[in-house]
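First comes the structure, then the notes that go with it.
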Amino acid sequence: MLSSTVDGARVPAMFVFGDSLLDPGNNNHLVTLAKADYAPNGIDFAGGVTGRFCNGGTVADHLGTLLGLPLIPPFNNPNTTGSRILQGVNFASAASGILSDTGRLYNLYDLGGRRFLVASLGPLGCIPNQIGNSGGSSDSCVSQTNHLAAQFNTKLRTMLDELNGSLQGSYFLYWDAYASATEIIDNYADYGTN
């Protein structure tokens, strides 16, 4: 969720909701198998191992930087209190789901949220778990899983269009993460990978 300009930042705050792709370490203090508080996670991140499910910053970290915000702190960090929450909080948690009882868009709107960036699912059939467990070729994505992700994304986009029309003053921006990731997978050499 994004707000308007304050103190030189393009937005005054950013509140992040998502799964492992955005989790900054919220799962570190939870009883769960979905943790990334060990190397090689964080090997290229200035803060080292933090619980991010990547070697560097998450998309939310980079977006916050582009918007002029400090690093958005994780919700479960004991230091995320007081004035630290004024510029945002990251609530993302690995293995989180999208169910009616966990959906927050209406509640966020009722609390004053008006601008939202909502990312689609990526090509989930291309993640190592899916490829490794498919029994097929180890160098190709699982098309059935990608098809399910694409179906979900179609319904997500429709829902966001409906919310834009029904929630007065709201703006739900759909980010097609599926197309972005597929572009990189299909043209990896153009991005310096072999």
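Read-outs: derived from the displayed coordinates by stated rules, not from any lab. Keep in mind the model is a prediction, meaning the values are calculated, not measured. Using ideal geometry, Cβ is built from the backbone for each residue, glycine included, and neighbour counts are taken over all protein chains shown.
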Within the chain: Cβ-based charge dipole about Cα centre, in debye rounded to nearest 20 (Lys, Arg +1; Asp, Glu -1): 460
Mean ellipticity per residue at 222 nm, deg cm²/dmol - from DSSP H runs of n ≥ 4 across the chain, formula -39500 (n - 2.57): -8500 deg cm²/dmol
Cα-based convex hull, region 1-97, per residue volume (Å³, whole number): 89
Estimated FRET transfer efficiency when R0 is 41 angstrom, pair Ser180-Ser83 (beta carbons, to 0.05): 0.75
The chain - percent relative contact order, Cα under 8 Å, separation 6 or more: 20
Where labels lie 7 Å past Cα in the beta-carbon direction, separation of Tyr191 and Asp139 in nm: 1.8
Computed Rg/Rh of region 69-143, alpha carbon atoms with Kirkwood Rh: 1.11
Dimensions (Å) - region 121-171, Cα atoms, principal axes, largest first: 48, 14, 12
Diffusion coefficient, µm² s⁻¹, Stokes-Einstein with Kirkwood Rh over alpha-carbon pairs of the chain at 20 °C and 1.002 mPa s: 118
